[in-house]
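The values are calculated or read from the model by the stated rules, or taken from the named source; none is laboratory data. Here the structure is a predicted model, which means the values were calculated and not measured. Cβ atoms come from the backbone with ideal geometry, glycine included; neighbour counts cover every protein chain shown. We work out accessible area using only protein heavy atoms, side chains counted, and drop any ligands, DNA or RNA first. Shrake-Rupley method; radii C 1.70, N 1.55, O 1.52, S 1.80 Å.
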Amino acid sequence: MNDTAPRAVAPLAASEVVLRLLNPFTGIAGLMTEALNLSHEASSLELAVKTTRRETNVRVVGVRLAAKVAIATLRQRALRNLQRIRQLQVNIRANRQQQQNLIRLISRATIRMVNATTSEEAAAMREVIASAAELLRRDAEGVATRLRRLLAMPALTEGRPA
Amino acid sequence: MIQIIGTLVYFGLGTIAALFNASQRNRFNETVSYHNKTVEICKQRIATVTRRASGSVALAQAKAEYRTAISAGNAAWEFMNSTREELNQIWSGIMTLQARILSANSSQRYEIIAAIKELRSTHAAIRVNLYDLKDRVRQLNHQTALLKQRFVQLGEAGITYYRHLQGRQCQK
């Protein structure tokens, strides 16, 4: 699209026509040449209008297509992120089961320790509690680290209002 | 006589040329006006389409971010809730052992104290993790709330989605 818009021409005044016709060598020829030039330019402008419309249609289609591609990419990325989150949720639930088992083990060991009759038995239970507690701590830390990494992912931090 | 006829013919042809010139000027002017109007309409059309397209992309991005944030927040809350339960269970184990300290003999007491120490350190480590996550989730929730407000600025479709979210919140 051309930014320099063509300008309209002023109509010829009768006095100007008479003045131009007073010169027999350039009068009629000049008027005819001018008219033919204007006709040619009008045809060019009609062609330019068609080209502009075609260009606009192409650009509109391009813009719409680009937007569709961008939206599809965004949706795909969001879907991937959601799948990642869902997978983590599944892992958290599985992990929870394991942690519950450890907790049960600790509470059973605690009861046995409380009711222990010998110091050896108490020491063995203490070992069990220590190992289970250590595993529990590591598990919780592992899941928390994964969650922290998830919360720091670009989709949740980039371009967000501060 | 011939001169007069010649002059009349000349001016007659001149008038025809002038009329043709005027008609072509008129046609040119109409074409110029049509061209300029078309160019303006095309510019406006491109601007409108670009604005709508960028609005749609912005809305899609905001929706994607919002859904991701909500899902991540939910996952974090689920983990935090189960962790809170675990902390309570560990704490009750610590309390059970503490209640037994006084009645236990010296060697058993030593083992009980060691077990309590282990459980306390586990409890503290898990609690630190929990509080750290809680802070992050709180921050995420704040950002998600701001993100939700952003829908209102994203045109008609954004407002509709915002209302849809509000409706869902009311149902809950």
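Each Cα pair under 8 Å and six or more residues apart adds its separation to the average, and for chain B the resulting relative contact order is 26 percent. Based on alpha-carbon centroids, what's the gap between the stretch A:9-41 and the stretch B:1-35 in Å, whole number please? Using only Cα atoms to place each centre, the spacing works out to 7 Å. Taking one quarter of the surface of the convex hull spanned by the alpha-carbon atoms of the stretch B:6-47 gives a direction-averaged projected area of 2.3 nm². Between the Cα long axis of helix B:106-150 and the first principal axis of chain B there is an angle of about 10°, rounded to the nearest 10.
With contacts taken as Cα pairs under 8 Å and at least 6 residues apart, chain A reaches a relative contact order of 16 percent. Mean projected area of the convex hull spanned by the Cα atoms of the stretch B:94-172, taken over all viewing directions: 7.8 nm². Helix content alone sets the calculated 222 nm mean residue ellipticity of the protein assembly as shown: runs of n ≥ 4 DSSP H residues at -39500 (n - 2.57) each, divided across all residues, give -33000 deg cm²/dmol.
For chain B, the longest principal axis of the C-alpha atoms and the axis of helix B:2-101 are separated by about 0°. Among the residues of A:137-149, the average count of other protein chain beta-carbon atoms within 10 Å of the residue beta-carbon is 5. Translational diffusion coefficient of chain B (Stokes-Einstein, Kirkwood radius from Cα pairs, 10 °C, 1.306 mPa s): 65 µm²/s. Charge tally for A:Leu12 (other residues, Cβ to Cβ under 10 Å; Lys, Arg +1; Asp, Glu -1): 0. Inter-chain neighbour count for B:149-159: the average number of beta-carbon atoms from partner chains within 10 Å of each residue's beta-carbon is 0. The shape of the stretch A:23-122 can be summarised by an equivalent ellipsoid whose semi-axes, obtained from the alpha carbon gyration tensor, come to 93, 9, 5 Å from longest to shortest. Per residue, the convex hull spanned by the Cα atoms of the stretch B:40-82 measures out at 25 cubic angstrom.
Treat the protein assembly as shown as a sphere of radius equal to its Kirkwood radius over Cα pairs and apply Stokes-Einstein at 20 °C in a medium of 1.002 mPa s; give the translational diffusion coefficient in µm²/s, rounded to a whole number. All intermediate terms of the calculation are to be shown ahead of the outcome.
Working: Rh = 27.8 Å.
It diffuses with D of about 77 µm²/s by this estimate.
I'd like the orientation of helix B:155-171 relative to chain B: the angle between its Cα long axis and the longest Cα principal axis, in ° from 0 to 90, rounded to 10. Value to nearest ten degrees: 30. Legend: mean number of C-beta atoms from other chains within 10 angstrom of residue C-beta atoms, peptide A:26-34, equals 5. FRET efficiency for the pair A:Gln83 and A:Ser43, taken as 1/(1 + (r/R0)^6) with r the Cβ-Cβ distance and R0 = 51 Å, rounds to 0.30. Put B:Met80, A:Met32 in order of accessible area, highest first, and with a 1.4 Å probe you get A:Met32, B:Met80.
Across the accessible surface of the stretch A:1-72, with the other protein chains kept in place and a 1.4 Å probe, carbon and sulfur atoms take up 63 percent.
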